[in-house]
Amino acid sequence: MPFWTLIAMTFRELRERRLFWLNLVLSLIVVLALASISFDTQGVNFMFGRLHVDNPNFASTSPYFHGMIITIVSELLIGLYIGFVGTIIGLISTAGIFPAFIEKGAVDLVLARPMERWKIFLAKYFGGLGFMLIQSTVFILLTYIVIGVRWQIWLPRYLLGIPLLVLLFSYLYSLSVLFGLWTRSAMASLFLTLVCWFIVIIPAQKTYEIFHSTPQFKDFTRVRQFTSLANTIVPKTSYIPTLLQQAIGETEQIDLINQKLLNQNPQLSPADQQYMLDFAHQMLHRPWYGVIGSSLLFELVILLLAGWRFQRYDF
Amino acid sequence: MMNGNWAVELQGLHKTYSRRIHALRGVDLRIGRGEIFGLLGPNGAGKSTLVKIMMTIVRPLAGQGTLLGHPLGHQPTLQHVGYLPENHRFPSYLTARRMLHYYGRLTRASSISCRRRAAELLDRLGMSRWTEIRLEKYSKGMLQRVGLCQALQHDPQLIVLDEPTDGVDPIGRKQIRELLLEARQQGKSILINSHILSELEMVCDRVAILLQGRVARQGTIAELTDHTRSYEISLIGDQPPPPELLQRYNAKYEPPAIHLSENDPVRVNQLLDDLRNRQLLISAVTPRRWSLEDVFIDAAQGTGGDQ
């Protein structure tokens, strides 16, 4: 009972912040913008039909139409908007949870309750995840309805984006919790988390992709091994769109789109095109449990460190 | 040997911060059931550390203790303990009603009992008109009152209060005092950590003075102050008492009164007889005793012997 009370109160604390509502409003604006787009046999219409662009690739009759929509939705809406912008807003909102909680006079009131410290720690942690759960649920449900109603594409598995986004957020939030407990400062926690994300986690994933997808780096064996190792260790924050594409299905169409895009590049030899295509195919079909499992392992290690700190600290 | 007859029993508690700062250096303390116990000490004496160890907020380096018969750190026991920390920070976005409900639920109290007790306590402390107003609008004294409600609302057996009347007006102090005395009548044990010594003197059965991490003095107010009893004999007129008389009784003369550091009434009466025999007129004989503040200052300055 106290565990759930604490989770609910942590979430309530987040709801009191303006950013929570700002993010929801932003999401509604993006959903509205999405709803203003429609497709016909010639191409795509923007602003509820006020602007028309002829493009056979976006025509509703195109054989790649479904794959194109899934790619755009997963890469732009999920990967870029809510997975990136939303996550940053989420990190800003939640960075203060632990530093504020462990302030003298506040933490005493909770630690002096009949509840083990590890449960208090987990309740605060899960309460913070509530931010992303609400934000992503609202956004994905609304976009699911818009895509279904406006474009006549119903993708029930698109709803798996909700747990995937919470998962993405949880990787970074675990870092924020650790830094928050260590520094006791919301600003420092946010700064260090963003530094880790932009200086370590994203570069580790991107250098792996570059060194394994570029034919010129085929012979850089040591570097390729190192980037593989680094990519295995860090949480896979950039792979959420790919996981979502896998979950929705239609990966054959996405493979075909990738092939078409590569074919349009005259500078690449057929062998290089095939090499890059193979890598894109491999990335698209990577086992989800490997991607999620290694990321969760990272998160677990970070949470154990943070939990240990919380458990042992004299407040 | 510890037993469960005490509400709080602490033995040889040591605490060091950063391996250098000795907050506690072997504290032994016992608080009886149904007793109000005052903990005094200058800043940095280790009072808050002691309280935090009891509440599992800080871990002791060495020593042991029990709370309501259970070892320190036994989480379920905390269900029967009410705690008001010093400089508490309640979620300012909550109303008093919601805040009390939140902390009540954290102590495993049912929603119904939380609501009932909260309403009752807020009414007792004159806060019933403020229940639906956010805490951010409250004054220090009001926060202190709702903080006290928070510590009492789950009907705890042991109540630990760190500076409970800090910032509270005289009426509020009286209300709090009455509430604590009532809780004692119900058999609850109360530990008060306060700088307002006159307050403690009014309600505490026993007190302990903590100095540099050690219990310097401990006992009932009477035990701590009895040895300081003295008499003041006021004289009429300008005629001073003979010096040999003052010397014999070890008394001092500060016109117009003689100060006699004597606890024995027989000796006082002898002096009175001697004064009358020398035709000195006496207007009043006033027994004097140190206040708790005097005892505290004496202990803090290290001029008196340990009790």
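We did not get these values from a lab; they are worked out from the coordinates using the rules stated. Keep in mind that this is a model prediction, so the values were computed, not measured. Please note: Cβ atoms are built from the backbone with ideal geometry, for glycine as well, and neighbour counts cover all protein chains shown.
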Within the stretch A:111-156, considering residues that are under 30 Å from A:THR61 (Cα atoms) and aromatic (Phe, Trp, Tyr), the one nearest to the other protein chains (Cβ to nearest Cβ) | A:PHE139
Do you know which residues across the stretch B:170-222 are over 12 Å from the mean Cα position of the chain (by Cα) and of a type in the set (Val, Ile, Thr)?
-> B:ILE171, B:ILE176, B:VAL215
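Condition check ((1) touching a helix residue (DSSP H, G or I) at 6+ places or on another chain (Cβ under 7 Å); (2) under 23 Å from B:MET99 (Cα atoms)) across all residues:
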{"residue": "A:PRO114", "(1), (2)": "yes, yes"}
{"residue": "A:ALA123", "(1), (2)": "yes, yes"}
{"residue": "A:PHE126", "(1), (2)": "yes, yes"}
{"residue": "A:GLY130", "(1), (2)": "yes, yes"}
{"residue": "A:SER136", "(1), (2)": "yes, no"}
{"residue": "A:PHE139", "(1), (2)": "yes, no"}
{"residue": "A:GLY148", "(1), (2)": "no, no"}
{"residue": "A:PRO156", "(1), (2)": "no, no"}
{"residue": "A:PHE179", "(1), (2)": "yes, no"}
For B:HIS88, indicate whether it is in contact with a strand residue (DSSP E or B) (Cβ under 8 Å, 6 or more places away or on another chain), within 14 Å of chain A (Cβ to nearest Cβ), under 21 Å from A:VAL107 (Cβ atoms) and in a loop (DSSP other than H, G, I, E, B).
-> no
Do you know which of the residues in the stretch B:63-102 that are over 25 Å from the mean Cα position of the chain (by Cα) and aromatic (Phe, Trp, Tyr) is surrounded by the fewest Cβ atoms within 10 Å (Cβ to Cβ)?
-> B:TYR93
Can you pull out the strands (runs of 3 or more DSSP E) entirely within the stretch B:1-46 that have at least 1 residues that are in contact (Cβ under 8 Å) with a residue 12 or more places away in the chain and within 14 Å of another protein chain (Cβ to nearest Cβ)?
-> B:6-17, B:21-32
May I ask you to verify whether A:SER62 is farther than 29 Å from A:LEU122 by Cα and surrounded by 16 or more Cβ atoms within 10 Å (Cβ to Cβ)?
-> yes
Hey, can you tell me all the residues within the stretch B:196-240 that are part of a helix (DSSP H, G or I) and hydrophobic (A, V, I, L, M, F, W, C)?
-> B:LEU197, B:LEU200, B:MET202, B:VAL203, B:ILE221, B:ALA222, B:LEU224
Could you list, in sequence order, all residues of the stretch A:257-313 that are of a type in the set (Asp, Glu), surrounded by 15 or more Cβ atoms within 10 Å (Cβ to Cβ) and free of Cβ contacts under 8 Å to residues at least 60 places away in the same chain?
-> A:ASP272
So, in the stretch B:137-194, of the ones that are surrounded by fewer than 14 Cβ atoms within 10 Å (Cβ to Cβ) and under 17 Å from B:MET99 (Cβ atoms), which residue ends up nearest to the other protein chains (Cβ to nearest Cβ)?
-> B:LYS140
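Any residue in the stretch B:58-65 that is in contact with a helix residue (DSSP H, G or I) (Cβ under 9 Å, 6 or more places away or on another chain) and either acidic (Asp, Glu) or more than 12 Å from chain A (Cβ to nearest Cβ) (or both)?
Looking for residues that are in contact with a helix residue (DSSP H, G or I) (Cβ under 9 Å, 6 or more places away or on another chain) and either acidic (Asp, Glu) or more than 12 Å from chain A (Cβ to nearest Cβ) (or both), one finds at least one in the stretch B:58-65, hence yes.
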